[in-house]
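Notes follow once the structure below has been shown.
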Amino acid sequence: MSDEGVPADEAAKHAPAAPGRAARAVMAAEAVLAERFPQAIFAIVAGSILRGEGTQTSDIDLVVLHEALPAAWRESFHFDDFPIEAFVHDFETLNWFVDQDMAGGCPVLADMVAGGVAIGPERARAEALQAGAQQRLERGPAPLTPEIRDGLRYQITDLVDDLRDARPAAEIRAIAAELTKPLADLMLLGRGRWSGRGKWLPRLLVRADASLAERFDTALRHAGAGQAAELIRLAELELAPHGGPLFAGDRRTAPPDARRPGLLAQ
């Protein structure tokens with residue numbers, strides 16, 4: 001029996017359902033906004049938990065907007081059993097970081113803004129910001145500039161050349177791990193698709209081309225076992241439409257102000 005004398009199964013039937021994890025994450029974010037950022041005009045709650053894809057260790061991404069700040073910052077903390085990463089901005093600092101991300105082909109912050117849930121006092125402004133971010137994402141990345149393209153070509157060529165030599169399996173695994181990011185960037189950006197980081201790389205590759213994603217995953221698994229031939233071949237195929245391998249003739253000039261006195265001065 002329940003405390004009120006109602007059979008327990010009947011009481012459970014009429015009890016309000018416990019909120020799901022996504023709903024609890026939004027409630028936690030609302031409490032964080034009120035307690036830690038009372039001057040904010042709104043926030044956007046994002047992350048895999050909100051998409052229903054979260055794991056036990058998934059965090060809440062919280063983009064917090066103020067009218068004006070001396071500088072943007074990021075901070076991490078726990079609240080109500082959720083790990084939270086807060087990205088605290090005003091509109092100008094947000095634009096700067098979004099532009100930096102997009103220029104590099106990985107629109108992490110814009111994706112948080114576009115795909116999140118608006119909370120706080122000025123939700124209409126938040127939703128307008130989200131619509132603008134979504135429009136920018138839908139336009140896709142700019143075509144690869146010669147500088148970015150050749151930078152990727154050089155990185156991939158250098159790592160693939162290392163894989164061609166006879167090496168212990170442990171070294172092949174280490175080289176393959178370092179090759180993953182620039183090769184995936186070339187695969188995605190070279191096809192006019194946004195790139196990403198970490199766990200997002202295989203997800204984005206599947207969205208772009210499931211067959212290519214499977215070949216990449218298989219090649220990496222074989223390289224993990226010390227067999228690099230398949231990964232070398234895949235890299236060669238991806239380099240070919242962009243001018244092939246690049247080593248001889250590559251040159252990058254440092255900015256004129258890249259100098260300072262120090263311990264190595266004569």
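The values are calculated or read from the model by the stated rules, or taken from the named source; none is laboratory data. Just so it is clear, the model here is predicted, and its values are computed rather than measured. Cβ placement follows ideal geometry from the backbone for every residue including glycine, while neighbour counts extend to all protein chains displayed. What goes into the accessible areas is simple: the full protein's heavy atoms, side chains included, and nothing from ligands, DNA or RNA. Shrake-Rupley method; radii C 1.70, N 1.55, O 1.52, S 1.80 Å.
Taking square-rooted eigenvalues a ≥ b ≥ c of the alpha carbon gyration tensor, is the stretch 114-266 rounded, prolate or oblate, where a/c under 1.5 means rounded and, failing that, a/b exceeding b/c means prolate? It comes out oblate by the Cα gyration axes. The separation of the stretch 41-77 from the stretch 180-202, counted between C-alpha centres, amounts to 23 Å.
Axis angle, to the nearest 10 degrees, between helix 210-224 and the longest C-alpha principal axis of the chain: 70 degrees.
When all alpha carbon pairs of the chain are counted in 10 Å bins from zero, the resulting P(r) reads 6, 22, 24, 22, 16, 6, 2, 1, 0 %. Applying the criteria of a DSSP loop state and at most 12 other Cβ atoms within 10 Å to the GluC sites (Glu not before Pro) of the stretch 42-84 yields Glu53, Glu67. Loop-located chymotrypsin sites (Phe, Trp or Tyr not before Pro) in the stretch 184-266 (DSSP state other than H, G, I, E, B) with a sparse environment of at most 11 neighbouring Cβ atoms within 10 Å: Phe247.
Of the solvent-accessible surface of the stretch 62-164, computed with a 1.4 Å probe over protein heavy atoms with every protein chain present, carbon and sulfur atoms account for 51 percent.
Per residue, the chain exposes 58 Å² of solvent-accessible protein surface, assessed with a 1.4 angstrom probe and all protein chains in place.
For the chain, what is the calculated [θ] at 222 nm in deg cm²/dmol (nearest 500), taking -39500 (n - 2.57) for each run of four or more DSSP H residues and dividing by its residue count?
That calculation yields -16000 deg cm²/dmol at 222 nm.
Below 10 angstrom from the Cβ of Arg252, what's the summed charge of the other residues (Lys, Arg +1; Asp, Glu -1)? With Lys, Arg at +1 and Asp, Glu at -1, the neighbours total -2. Accessible surface of Leu159, taken over heavy atoms with a 1.4 Å probe and every protein chain present, rounds to 10 Å².
Near Gln130: Cβ cut-off under 12 Å, other residues only, Lys/Arg at +1 and Asp/Glu at -1. The net charge is +1.
Less than 15 Å Cβ to Cβ from Leu205, Lys/Arg counted +1 and Asp/Glu -1: what total charge do the surrounding residues give? After counting each charged neighbour, the total is +4. So what is the diffusion coefficient of the stretch 66-108 in µm² per second by Stokes-Einstein at 4 °C and 1.567 mPa s, using a Kirkwood Rh over Cα pairs? After rounding, the answer is 111 µm²/s.
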